[in-house]
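Read the structure below first, then the notes.
The values are calculated or read from the model by the stated rules, or taken from the named source; none is laboratory data. Quick caveat: nothing in here was measured; it's all calculated off a predicted structure. Cβ sites come from the backbone with ideal geometry, for glycine too, and all protein chains shown count toward neighbours.
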Amino acid sequence: MKQIQCVPYNVEDDIVGRITFGKKNILGRSKDILVCKDANSLSTFGYLATITETVAFKGKRKPYCIVDDITEFHEGDVVVINTKGEIIFVYEINSNHNALMATERCNHRCIMCPQPPILQEKDKTPFNLQLISLFNKNTQEIGITGGEPTLIGDNLFTLINHIKKVLPQTAISILSNGVKFAEKEYAMKLAKCRHQDLQIDIPLFSDIAEEHNRIVGAKTFYKTVQGLYNLALFRQRIGLRIVVHKQTYKRLPQFADFIYHNFPFVAQVAFMQMETIGLAKENFDELWIDPYDYNNELREAVLLLADRGMKPYIYNAQLCVLPQDIRCYAQQSISDWKDIYIEECNGCALKGQCAGFFASNRNAHSSHIKKIEHISLDILC
């Protein structure tokens, strides 16, 4: 999540609130944090806290924070101000990649996980329910992620139902390893939520059980497969996710064929370039391969699925590196707060359509990045 530093005053506990620039009347301020350049020129009465650039702020008995630049904030953002002087953006009004962290625990330990799991934590459900009530009513989509979201048990359905009630037009995407859905009753509970626009995305890393198990650090291949079938039984929309790296790229065509024959019901299959943080950074030498070097396997897998009527996508990839005939499957998939472009991208005709790079991949990207001078019709499917 995006965060900035501040100098906090009178912040004795975490403060969670919605950003406003002073447009609320007095009766509507209790959930809001006022942001203004000069706090001495506005009434701060009723707000949870104030974020300002003014050092000599008069309201010194109330919680407030001094920041260098208030242009980082937008009306409707939701932030947490903590006692360490961090302002954490848990929701950004202008982002298409907002998500709830259901838990940081996980029953897998994937060798390329960008956020290694923890063993114990406080239940995040009450906090997440509070966040949902602060989100803008016109939010297009909310993710539920982790960790492994199903480890919070039936609280997952509590979150879904609360989103359904408070944000009835908002789509939900859940990122899960699918293991818990091997229990038919649990899959049925998800279906009983009857959300009109929900997709559950499940990572699968090989058509060979032993390979998948080695990558995820658990013997769960067949449980994930059973979970997929149970979700399909209850007519849930499913996406598959495949992180491509040195240990998965060679069998991409065979894997695509396996998916077509065994999971023809999935709504989409996403081939994802790896983010090099967390365990991926620790295991870099065993995982990293220049994306250009697996283009043949990726192209064959993508076109195999597309030719058979399935919906393949390519996430986190740079258009200049991809073969022209599969560029149309690439998505702008990297979260806004960690998306960057490098010097070689300047002046590229495809920059506006390209996913760019994870900020963590600044020094670990393809050696074949180049500026494209003219847009080819091949970018269109």
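Would a scan of the stretch 257-274 turn up a residue that is touching a helix residue (DSSP H, G or I) at 6+ places or on another chain (Cβ under 6 Å) and assigned to a helix (DSSP H, G or I)? No, the conditions are met nowhere in the stretch 257-274.
Could you please find all residues in the stretch 327-348 being in a helix (DSSP H, G or I) and among the aromatic types (Phe, Trp, Tyr)? Hits for the stretch 327-348 are 329, 337.
For first residues located in the stretch 24-37 and in a loop (DSSP other than H, G, I, E, B), partners that are exposed (fewer than 11 other Cβ atoms within 10 Å of the Cβ) and lie 6+ apart or on another chain with Cβ distances below 8 Å form the pairs 29/45.
Identify all residues within the stretch 229-256 that are under 26 Å from residue 190 (Cα atoms) and outside any loop (DSSP other than H, G, I, E, B); write none if there are none. So that I can check it myself, show each step before the final result.
If we filter the stretch 229-256 for residues that are under 26 Å from residue 190 (Cα atoms), which is where we start, we get 229-243.
Those that are under 26 Å from residue 190 (Cα atoms) and outside any loop (DSSP other than H, G, I, E, B): 229, 230, 231, 232, 233, 237, 238, 239, 240, 241, 242, 243.
Checked against the criterion of being within 18 Å of residue 303 (Cβ to Cβ) and touching a residue at least 60 places away in the same chain (Cβ under 8 Å), the candidates 291, 203 yield just one match: 291. Please pick out the residue among 82, 25, 10, 107 that is farther than 22 Å from residue 127 by Cα and not assigned by TED's automatic domain parsing to the domain that holds residue 153. On inspection, the qualifying residue turns out to be 25. Candidates in the stretch 307-329 are the residues that are free of Cβ contacts under 8 Å to residues at least 60 places away in the same chain and of a type in the set (A, V, I, L, M, F, W, C); of these, the one that is surrounded by the fewest Cβ atoms within 10 Å (Cβ to Cβ) is 328.
Does the stretch 275-324 hold any residues that are of a type in the set (Lys, Arg) and in a helix (DSSP H, G or I), and which are they?
If we filter the stretch 275-324 for residues that are of a type in the set (Lys, Arg), which is where we start, we get 281, 299, 308, 311.
Within the stretch 275-324, 281, 299 meet the criteria.
Collect the residues in the stretch 49-105 that are of a type in the set (Asp, Glu), part of a loop (DSSP other than H, G, I, E, B) and either surrounded by 15 or more Cβ atoms within 10 Å (Cβ to Cβ) or touching a residue at least 40 places away in the same chain (Cβ under 8 Å) (or both), keeping them in residue-number order. Those that are of a type in the set (Asp, Glu), part of a loop (DSSP other than H, G, I, E, B) and either surrounded by 15 or more Cβ atoms within 10 Å (Cβ to Cβ) or touching a residue at least 40 places away in the same chain (Cβ under 8 Å) (or both): 53, 75, 77, 92, 104. Might you check whether a residue that is surrounded by fewer than 17 Cβ atoms within 10 Å (Cβ to Cβ), of a type outside the set (Lys, Arg) and touching a Ser or Thr at 6+ places or on another chain (Cβ under 7 Å) occurs anywhere in the stretch 259-270? No. Is it true that some residue in the stretch 330-346 is more than 30 Å from residue 89 (Cβ to Cβ) and either at pLDDT 95 or above or surrounded by 15 or more Cβ atoms within 10 Å (Cβ to Cβ) (or both)? Checked against the condition, which is being more than 30 Å from residue 89 (Cβ to Cβ) and either at pLDDT 95 or above or surrounded by 15 or more Cβ atoms within 10 Å (Cβ to Cβ) (or both), the stretch 330-346 yields no hits at all.
Checking each residue in the stretch 30-48 for being surrounded by 15 or more Cβ atoms within 10 Å (Cβ to Cβ) and either of a type in the set (Phe, Trp, Tyr) or modelled with pLDDT under 90 (or both) picks out 39, 42, 44, 47.
Does residue 187 satisfy the condition of being of a type in the set (Gly, Ala, Ser), in a helix (DSSP H, G or I) and surrounded by fewer than 21 Cβ atoms within 10 Å (Cβ to Cβ)? Before the answer, list the steps.
On the way: of a type in the set (Gly, Ala, Ser): yes; in a helix (DSSP H, G or I): yes; surrounded by fewer than 21 Cβ atoms within 10 Å (Cβ to Cβ): no.
It is false that residue 187 is of a type in the set (Gly, Ala, Ser), in a helix (DSSP H, G or I) and surrounded by fewer than 21 Cβ atoms within 10 Å (Cβ to Cβ).
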